[in-house]
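The values are calculated or read from the model by the stated rules, or taken from the named source; none is laboratory data. On a predicted model such as this, the values are computed, not experimentally measured, just so you know. Because the Cβ atoms are built from the backbone with ideal geometry, glycine has one as well, and the counts that use them run over all protein chains shown.
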Amino acid sequence: MVVVGAGEIGARKALAMLESGASVRVIAPHISQPLAELAATNERLFLIYREYRGASDLADAQLVFAATDSESVNSRIANDAHELRRLVNVVSNGREGSFMSMAIHRAGQLTIGVTAGGVPAEAARIRDEIGRSYDAAYAASLDKLASLRRQAKETIA
C-alpha cells in the first residue's frame, strides 16, 4: 500500500496500516522524525523522500492514501488511482476516493468504527466518547462472554 504525504494524517494512516500487518510505502518530501526512526527498525515501512510523480508511484499498490496538504495533488492521486483501478482514500475530500476510513476504537476483541460524513475530527470525538463507555472493563466482560459461549457450544455439540 502507498501513503502519499507524511504529515500528521499521512503518518497516522501509515502507522494504522503497519499495525494491521500491511507493508507501507510513504512518499513525501518531508517525513517526520518518529516515522523515519520507525522505518529504521521496521522492515515493512519504506520511505521515499520526494514529491508525488504520478501513476507509476501507485502501479504496484492495491490501496492508496492521498494525504498531502494540497487538494490538487490529492485529486491527481485520486484520478491516477481510479485509472489504475486502485482503492483510494482522499483525506481532504472523502467523496473523491473510493472508500473512507473510520475513526477506530479498540478494547480487547471489540472494534468500533465511526464515520461522520467526511468530518474526521467529529468522528474522532465520537469515537473517544464511545471509548469512555466501552473500555478495558467492557473488553474483559466481552472476553468472558465469548469464553462462556464457546463452552456452551461445545456442550451442545
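Looking at Arg127, Arg132, which one is surrounded by 13 or more Cβ atoms within 10 Å (Cβ to Cβ) and either assigned to a helix (DSSP H, G or I) or of a type in the set (Val, Ile, Thr) (or both)?
None of the other options fit; the residue is Arg127.
I'm trying to understand the selection: among the residues of the stretch 1-21, which are small (Gly, Ala, Ser) and surrounded by fewer than 21 Cβ atoms within 10 Å (Cβ to Cβ)?
Gly7, Ala11, Ala16, Ser20, Gly21 - these are the residues of the stretch 1-21 that are small (Gly, Ala, Ser) and surrounded by fewer than 21 Cβ atoms within 10 Å (Cβ to Cβ).
Could we say that Val3 is touching a residue at least 60 places away in the same chain (Cβ under 8 Å) and under 16 Å from the mean Cα position of the chain (by Cα) here? If you could, list the steps in order and put the result at the bottom.
Values: touching a residue at least 60 places away in the same chain (Cβ under 8 Å): yes; under 16 Å from the mean Cα position of the chain (by Cα): yes.
It is true that Val3 is touching a residue at least 60 places away in the same chain (Cβ under 8 Å) and under 16 Å from the mean Cα position of the chain (by Cα).
Criterion first (modelled with pLDDT of 95 or more, small (Gly, Ala, Ser), buried (at least 22 other Cβ atoms within 10 Å of the Cβ) and under 17 Å from the mean Cα position of the chain (by Cα)) does Ala67 satisfy it?
Against the criterion (modelled with pLDDT of 95 or more, small (Gly, Ala, Ser), buried (at least 22 other Cβ atoms within 10 Å of the Cβ) and under 17 Å from the mean Cα position of the chain (by Cα)), Ala67 qualifies.
Suppose the filter is polar (S, T, N, Q), surrounded by 14 or more Cβ atoms within 10 Å (Cβ to Cβ), touching an Asp or Glu at 6+ places or on another chain (Cβ under 8 Å) and farther than 16 Å from Lys13 by Cα; does Ser75 pass it?
yes
A quick yes/no check of all residues on (1) out of contact with any Pro (no Cβ under 7 Å at 6 or more places or on another chain); (2) modelled with pLDDT under 90; (3) among the polar types (S, T, N, Q); (4) within 30 Å of Ala55 (Cβ to Cβ):
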residue: Leu84; (1), (2), (3), (4): yes, no, no, yes
residue: Asn89; (1), (2), (3), (4): yes, no, yes, yes
residue: Met102; (1), (2), (3), (4): yes, yes, no, yes
residue: Gly108; (1), (2), (3), (4): yes, yes, no, no
residue: Thr111; (1), (2), (3), (4): yes, no, yes, no
residue: Glu122; (1), (2), (3), (4): yes, no, no, no
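Looking at the stretch 144-153, can you tell me whether even one residue there is in a strand (DSSP E or B) and not polar (S, T, N, Q)? I'd like the intermediate steps shown before the answer.
Restricting attention to the stretch 144-153, the residues satisfying the condition of being in a strand (DSSP E or B) are none.
Looking through the stretch 144-153, none of the residues is in a strand (DSSP E or B) and not polar (S, T, N, Q).
Would you check if there is a residue in the stretch 101-110 being closer than 29 Å to Val64 by Cα and exposed (fewer than 12 other Cβ atoms within 10 Å of the Cβ)?
Within the stretch 101-110, one or more residues are closer than 29 Å to Val64 by Cα and exposed (fewer than 12 other Cβ atoms within 10 Å of the Cβ).
Where in the stretch 1-107 are the strands (runs of 3 or more DSSP E), entirely inside, with at least 2 residues that are within 30 Å of Ala137 (Cα to Cα) and not aliphatic (A, V, I, L, M)?
Numbers: elements: 2-4, 24-27, 45-48, 63-66, 87-90, 103-107.
Once the strands (runs of 3 or more DSSP E) in the stretch 1-107 are filtered for at least 2 residues that are within 30 Å of Ala137 (Cα to Cα) and not aliphatic (A, V, I, L, M), what remains is 103-107.
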